[in-house]
1. Mind putting a number on the dipole of the chain about its Cα centre? Charges go on the C-beta only, +1 for Lys and Arg and -1 for Asp and Glu, and I need it in Debye to the nearest 20.
2. Which whole-number value in Å² is the accessible area per residue of segment 1-118, probe 1.4 Å?
3. How many angstrom separate the Cα center of segment 99-124 from the Cα center of segment 13-66?
4. So what is Rg over Rh here for segment 1-43, counting just Cα atoms and using Kirkwood for Rh?
5. Please turn the phi angles of segment 54-63 into ³J(HN,Hα) values with the Karplus equation 6.51 cos²θ - 1.76 cosθ + 1.60 (θ = phi - 60°), one per residue in order, whole Hz, x for glycine and proline.
6. Which value does Rg/Rh take for the chain over its C-alpha atoms, Rh per Kirkwood?
7. At what distance in nm do the modelled label points of SER7 and GLN119 sit from each other, each positioned 7 Å from its Cα along Cα→Cβ?
8. Packing-wise, with mean Cβ within 10 Å as the measure, how do 59-70, 25-36 rank, highest first?
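The values are calculated or read from the model by the stated rules, or taken from the named source; none is laboratory data. Treat the numbers as computed from the prediction; the structure is a model and nothing was measured. Virtual Cβ from ideal backbone geometry, glycine too; neighbours counted across all protein chains shown. Calculation scope for accessible area: heavy atoms of the full protein, side chains included, ligands and nucleic acids excluded. Shrake-Rupley method; radii C 1.70, N 1.55, O 1.52, S 1.80 Å.
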Amino acid sequence: QVQLVESGGGLVQAGGSLRLSCAVSGRTFSIYDMGWFRQAPGKEREFVARIVWRGGRTYYADSVKGRFTISTDNAKNTVYLQMNSLKPEDTAVYYCAADSNRYGSNWRHDYDYWGQGTQVTVSS
């Protein structure tokens, strides 16, 4: 089993920045990729970014490319999402997730471990 706990959400004005953290524990050796997803009210959960847990290769959704950065600190077993130039449309609950079966998926159903989520609200 893998346990994930997010933190760092909050309220920020448009153009501001936030850094989300996801503490990873348990069978961390079983993880292939770590991802961040988000879900706005009335919308489906969507892919934001992913990173190879031990290798660092990253991939981003077009909507956040150039503004968000995903990174890991394996010594601390933590995944980060640095969010800059935030827009009101970035408002959502943000979830970190772990895929223990494969590399390279953006599909939420491939991720088998999830955190509880952290709210990010961007005011205009």
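1. Numbers: 14 positive and 11 negative charges, 42 e Å.
Charge dipole of the chain: 200 debye, to the nearest 20.
2. Working: 5940 Å² over 118 residues.
Result: 50 Å² of accessible area for each residue.
3. 6
4. Rg/Rh: 1.06.
5. Along segment 54-63, the couplings run 9, x, x, 5, 10, 8, 10, 5, 4, 5 Hz.
6. Numbers: Rg = 13.3 Å, Rh = 14.2 Å.
That ratio is 0.94, to two decimals.
7. 1.9
8. Numbers: 59-70: 15.6, 25-36: 18.3.
Highest mean packing first, the order is 25-36, 59-70.
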